[in-house]
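Following: one structure in structure tokens, then a few remarks.
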Amino acid sequence: MAGLVRFAWWREALERVAAGASGAPHPFLEALSPELATGRFPVDELLDLLAAHEAFFERRRLPAPAEAVSLADRSGARTLVLAMQLLGGGSDWCERAFAAGRALALLRLAALLPDLRQAGFAPGEETDLCRLAGSLAQLAETALAEAGNGRPPRRLLAPMLTRRLARSRLARLAQAGFDPLRLKTLPPHWPLPGLLLARLHGRP
């Protein structure tokens, strides 16, 4: 219930900022308020992102792989495309960003499966968490292949760092034998230094 209340808060806050209300109630919204107010960053896209997550939490059932892809596309993937468009990326880089966003969202979901089960999410078509995590990892690997390896222009580097982060998460999940429970027992991993170095050298 608390999660759904937060979704409602974000929806109301987004609509207020998009309508030109002063005093954004969150730093993220404050930074985006000029783009939201002018329509350069379409508020409908962010509202759809919220709706996708809200529907997932209302349903309270672990997703089948196809459902997971749909959620990933409406959330992480679409968000990266919007970021790429704001930075002036062309269609090729938008497609790569979409694939990288899909991969990262799928891998995040795979890592969260035990927590969702513990929170009372009902089993879906696939009841074994390891097999479900493995399926999501396979889909993420395919998406990463679509994201490619090319180096983007420096102005487009930030969204494409998602590609590196997704590869790191995929490697850790593989190290855990695609077992999301075992993933929690691995030593902590801090990808931020690697991401900062990658950004410094322009190598996502």
**Prompt:** For region 12-107, what number results from the quotient of the Cα radius of gyration and 2.2 N^0.38 Å?
**Reply:** 1.17
**Message:** Calculate the FRET efficiency for Asp92 and Ala52 from the Cβ-Cβ distance with a Förster distance of 22 Å, rounded to the nearest 0.05.
**Reply:** 0.30
**Asked** Which value, in debye to the nearest 20, describes the size of the charge dipole of the chain about its Cα centre when Lys and Arg Cβ atoms bear +1, Asp and Glu Cβ atoms bear -1, and nothing else is charged?
**Response** 820 debye
**Prompt:** Where in region 64-130 are there GluC sites (Glu not before Pro) that are in a DSSP coil and have at most 14 other Cβ atoms within 10 angstrom of their Cβ?
**Reply:** Glu125
**Fill in**
Compactness check, region 1-59: C-alpha Rg relative to the 2.2 N^0.38 Å globular estimate gives 1.13
**Fill in**
region 29-80 and region 88-107 have their Cα centres apart by a whole-number Å value of 14 Å
**Complete:** Taking the dipole of region 1-59 about the Cα centre (Lys, Arg +1; Asp, Glu -1; charges at Cβ), the one of Trp9, Ser33, Ala51 that reaches farthest to the positive side is Trp9
**Message:** Could you tell me the relative contact order of the chain? Use alpha-carbon pairs under 8 Å, at least six residues apart, and round to a whole percent.
**Reply:** 18 percent
**Fill in**
Neighbours of Gly89 by Cβ distance under 11 Å: Lys/Arg at +1, Asp/Glu at -1, summed charge 0
**Message:** Please return the longest range in the chain lying between exposed loop sites, taking trypsin sites (Lys or Arg not before Pro), DSSP loop only, at most 14 other beta-carbon atoms within 10 Å, and leaving the sites out.
**Reply:** 61-183
**Prompt:** Kirkwood hydrodynamic radius for the chain: how many Å is it when counted over pairs of different Cα atoms?
**Reply:** 18.0 Å
**Request:** Between Pro123, Pro153, Pro27, find the one with the highest GNM mean-square fluctuation for the chain; connect C-alpha pairs within less than 10 Å.
**Result:** Pro27
**Request:** Report the full-extension gain for the segment Ala145 to Arg182: residue separation times 0.36 nm, less the Cα-Cα distance, to one decimal in nm.
**Result:** 10.7 nm
**Complete:** With 0.36 nm assigned to each residue of separation and the Cα-Cα distance removed, Ser22 to Asp115 gains 29.7 nm
**Request:** Let me have the 222 nm mean residue ellipticity of the chain computed from DSSP H runs of 4+ only, each contributing -39500 (n - 2.57), with the sum over all residues rounded to the nearest 500.
**Result:** -22500 deg cm²/dmol
**Asked** If r is the Cβ-Cβ distance from Thr127 to Ala171 and R0 is 45 Å, what FRET efficiency results, to the nearest 0.05?
**Response** 0.95
**Item:** Segment Gln138-Trp9, length gained on full extension (0.36 nm per residue, minus Cα span)
**Value:** 42.9 nm
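Where a number appears in this text, it was derived from the coordinates with a stated rule and is not lab data. It should be emphasised that the depicted structure is a prediction, and the values quoted were computed from it without experimental measurement. We place every Cβ from the backbone using ideal geometry, glycine too, and count neighbours over all the protein chains shown.
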